Amino acid sequence: MPRSDGPIGVFDSGLGGLSVLRHVRALLPNEDLVYVADSAYLPYGGKPPELVRERVDEIGGRLIEQGAKALVVACNTATAFGIDALRARFDLPVIGMEPGVKPAASCTQTGTIGVLATAGTLSSTRFQNLMHKHAGAARVIAQPCPGWVELVESGDWHSPAAREKLRHSLMPVLHANADVLVLGCTHFPFLRDALTGIAGLGVTIIDTGEAVARELKRRLGQAGLLAAGPAVGTIRCFTTGDIDAVRPLVAKLWGAPLTVASFR
Ligand code: DGL
């Protein structure tokens, strides 16, 4: 049985999920948070669905064994391939990510929206279902963005070479007249300013991180699992990769140093 004084487990293939963690932290400041970056298996985007499912099962399962009262699968690719199995296995709140096609379709003026995500997410049945359900009359340009996850994980997305990589995948979407861009990968919110620099301020950018934090709060409340008391929660960060390589990047993306340890 999950306990309300347990931590919330949040995980991603790497550090992209910190873009979701920051919304969780802002909305639920007194919750203890455990973040796991599966850096040894990054990126998930081009991996076989079966492998991604195994990783989700492994990390989610271990977080729950270690006392997590809820899980946030802070990765669109992992959600697409692994969340159903996780939900079937555990009876506690398991919140996932999905590209914000619905809000995008309701705010486009040109009738065309761009979904920026990994090739894995875009090829998934879950994404096809999402489009059928929520795209309505909008034309959807589903754009894989090779190399963008690696740019974030390298900590450098401002160099001329990085900007060229962003332009390479973004320009076809802009040329197709999309006026709304959906960030369908949790690494991409870190690229937001760079993307606005290329697309211009007339283009709306949609990130579902905040909505996911709200859904998490609602589900914890419904299950009677919200932390009691006003104490500020702890944040612990783990990686399956090299902690010395991950630590400085965590500090850069989070905006402050966090302790980083090996996930075992
Ligand atoms: N951050 C992940 C997502 O939201 C994927 C990155 C990767 O390819 O590992 O899809």
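The values are calculated or read from the model by the stated rules, or taken from the named source; none is laboratory data. All of these numbers come straight from a predicted model, not from anything done at the bench. Cβ atoms come from the backbone with ideal geometry, glycine included; neighbour counts cover every protein chain shown.
Observations on the model:
- Of the helices (runs of 4 or more DSSP H) contained entirely in region 163-264, those carrying at least 1 residues that are touching a His at 6+ places or on another chain (Cβ under 8 Å) and surrounded by 14 or more Cβ atoms within 10 Å (Cβ to Cβ) fall at 192-199, 209-222.
- Qualifying residue in region 70-83 (condition: closer than 30 Å to Met1 by Cβ and more than 16 Å from the ligand (Cβ to nearest atom)): yes
- The set of residues from region 1-53 being more than 16 Å from Trp148 (Cα to Cα) and of a type in the set (Asp, Glu) comprises Asp5, Glu31, Asp32, Asp38, Glu50.
- Candidates Ala176, Ala199, Ala161, Ala228 - the one that is at pLDDT below 95, more than 22 Å from Asp38 (Cα to Cα) and of a type in the set (A, V, I, L, M): Ala228
- Residue in region 34-45 that is touching a Pro at 6+ places or on another chain (Cβ under 9 Å) and either surrounded by fewer than 18 Cβ atoms within 10 Å (Cβ to Cβ) or at pLDDT below 95 (or both) present: yes
- Scan of region 94-104 for residues that are over 15 Å from Asp57 (Cα atoms) and touching a residue at least 40 places away in the same chain (Cβ under 8 Å), ordered by number: Met97, Glu98, Pro99, Gly100, Val101, Pro103, Ala104
- Residue list for region 92-125, filter: of a type outside the set (Gly, Ala, Ser) and within 12 Å of the ligand (Cβ to nearest atom): Met97, Glu98, Pro99, Val115, Leu116, Thr118, Thr121, Leu122
- Residue check, Ala142 over 23 Å from Val20 (Cα atoms) and outside any helix (DSSP H, G or I): no
- Output for region 239-257, where each listed residue is within 19 Å of the chain's Cα centre (by Cα) and closer than 20 Å to Val24 by Cα: Thr239, Leu249, Val250, Ala251, Lys252, Leu253, Trp254, Gly255
- Just one of the numbered conditions (1) within 12 Å of the ligand (Cβ to nearest atom); (2) buried (at least 24 other Cβ atoms within 10 Å of the Cβ) is not true of Val24: (1).
For (1) touching a strand residue (DSSP E or B) at 6+ places or on another chain (Cβ under 7 Å); (2) modelled with pLDDT under 95; (3) buried (at least 24 other Cβ atoms within 10 Å of the Cβ), each residue gets a yes or a no:
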position	(1), (2), (3)
Ser4	no, yes, no
Ile8	yes, no, yes
Ser13	no, no, yes
Pro48	no, no, no
